[in-house]
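Structure first, commentary second.
The values are calculated or read from the model by the stated rules, or taken from the named source; none is laboratory data. These figures come from a predicted structure and were not determined experimentally. Neighbour counts are summed over all protein chains in view; Cβ atoms, including those assigned to glycine, are modelled from backbone coordinates with ideal geometry.
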Amino acid sequence: MHVDLSGLRGLVTGSTKGIGRAVAQALAANGAEVVINGRKRADVDAAMATIKRAVPKAKLAAAPGDAATAEGVASIIKAAGDVDILVNNIGIFEIKDAFDIPDDDWQRMFDTNVLSGVRFTRHYGPHMRDKGFGRIVFISSESGVQIPTEMIHYGFSKSADLALMRGFAQALAATGVTVNAVLPGPTLTEGVEEMFKSMGQSANDPKAQRDFIDNGRPTSIIKRLATPKEIADVVAFLCSREASAITGAPVRADGGVVTSIT
């Protein structure tokens with residue numbers, strides 16, 4: 001995906017690996033200055049080095065901090081400064097029986113996957129509105145539409161992200177600021193690789209991927225895991241000036257998992 005993001009500055013939360021790092025790299029490759037975020041400075045530095053190897057001319061800045069806490073968000077915002085693009089990407093997931101999820105796990109999922117996006121958008125949305133331009137993208141999931149019984153707390157959090165996206169889009173109507181959500185399907189991230197390892201399998205094995213999809217996401221049309229780059233390319237377009245007519249939209253990059261056509 002090639003779009004013109006020159007002159008724009010973006011913050012991608014949780015961008016030291018997986019979809020977040022791929023998004024940061026895609027934004028940088030298309031000319032944006034990108035602020036990299038992760039809890040540990042060492043991880044941020046490593047991600048920046050990885051992106052620099054792929055995009056030698058990348059303009060990067062560091063904003064380490066825990067995006068799942070109010071104090072961490074304040075620290076990240078201070079380090080990041082003003083941005084034109086905000087990608088609320090930070091997220092966690094875990095497989096757990098619906099009746100065995102304790103309150104602490106529900107709260108951790110909410111703080112990380114939902115409240116972090118509220119805090120960043122609450123800060124940056126008005127600044128973008130005052131400038132007359134901005135792009136905000138929530139990384140939701142197909143699990144926010146078709147709730148997986150093996151991790152309903154994750155599905156709940158991603159449904160909440162869709163509600164936030166739509167509400168903030170309406171709150172920023174006619175301001176030049178767009179707010180959208182991307183709904184990835186099963187994606188070959190480090191977290192998914194670890195999940196496969198825990199099952200004694202390799203996520204890079206096409207047969208293991210197909211078995212996982214057939215058993216866990218049988219409605220998938222592509223019948224494989226997506227790559228982080230495939231998701232990042234969609235996000236990069238939504239962050240571009242060319243995507244000015246798209247707002248308040250749940251944009252699916254789910255490989256056809258969601259069966260609804262609306």
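Check PHE99, PHE138, PHE110 and return the single one that is surrounded by 15 or more Cβ atoms within 10 Å (Cβ to Cβ) and not in a strand (DSSP E or B).
Answer to the check: PHE110.
Output the residues belonging to the range 28-57 that are within 20 Å of VAL73 (Cβ to Cβ) and outside any loop (DSSP other than H, G, I, E, B).
Passing the criteria: VAL34, VAL35, ILE36, ARG41, ASP43, VAL44, ALA47.
Which residue, of LYS223, LYS229, LYS197, LYS207, is basic (Lys, Arg) and either at positive phi or in contact with a Leu (Cβ under 7 Å, 6 or more places away or on another chain) (or both)?
On inspection, the qualifying residue turns out to be LYS223.
Please verify whether the range 201-220 includes one or more residues that are of a type in the set (Lys, Arg) and either modelled with pLDDT of 95 or more or in a strand (DSSP E or B) (or both).
No - not one qualifying residue is present in the range 201-220.
Can you tell me which residue in the range 6-15 is nearest to the chain's Cα centre (by Cα), limited to those that are surrounded by fewer than 24 Cβ atoms within 10 Å (Cβ to Cβ) and either hydrophobic (A, V, I, L, M, F, W, C) or in a loop (DSSP other than H, G, I, E, B) (or both)? Lay out the reasoning, then the answer.
Just the residues of the range 6-15 that are surrounded by fewer than 24 Cβ atoms within 10 Å (Cβ to Cβ), to begin with: 6-9.
If we keep only those that are either hydrophobic (A, V, I, L, M, F, W, C) or in a loop (DSSP other than H, G, I, E, B) (or both) too, we end up with 6-8.
Numbers: SER6: 21, GLY7: 22, LEU8: 19 Å.
In this case the residue turns out to be LEU8.
Only residues in the range 38-51 that are surrounded by fewer than 15 Cβ atoms within 10 Å (Cβ to Cβ) count as the first member; pair them with residues that are at pLDDT 95 or above, Cβ under 6 angstrom, at least 6 apart or cross-chain, and list the lot.
ARG41/PRO64
Determine, yes or no, whether ASP66 is surrounded by fewer than 22 Cβ atoms within 10 Å (Cβ to Cβ) and within 17 Å of the chain's Cα centre (by Cα).
yes
Looking only at the range 223-262, which residues are basic (Lys, Arg) and in a strand (DSSP E or B)?
Initially, the range 223-262 is screened for residues basic (Lys, Arg), giving 223-224, 229, 241, 252.
Across the range 223-262, the qualifying residue is only ARG252.
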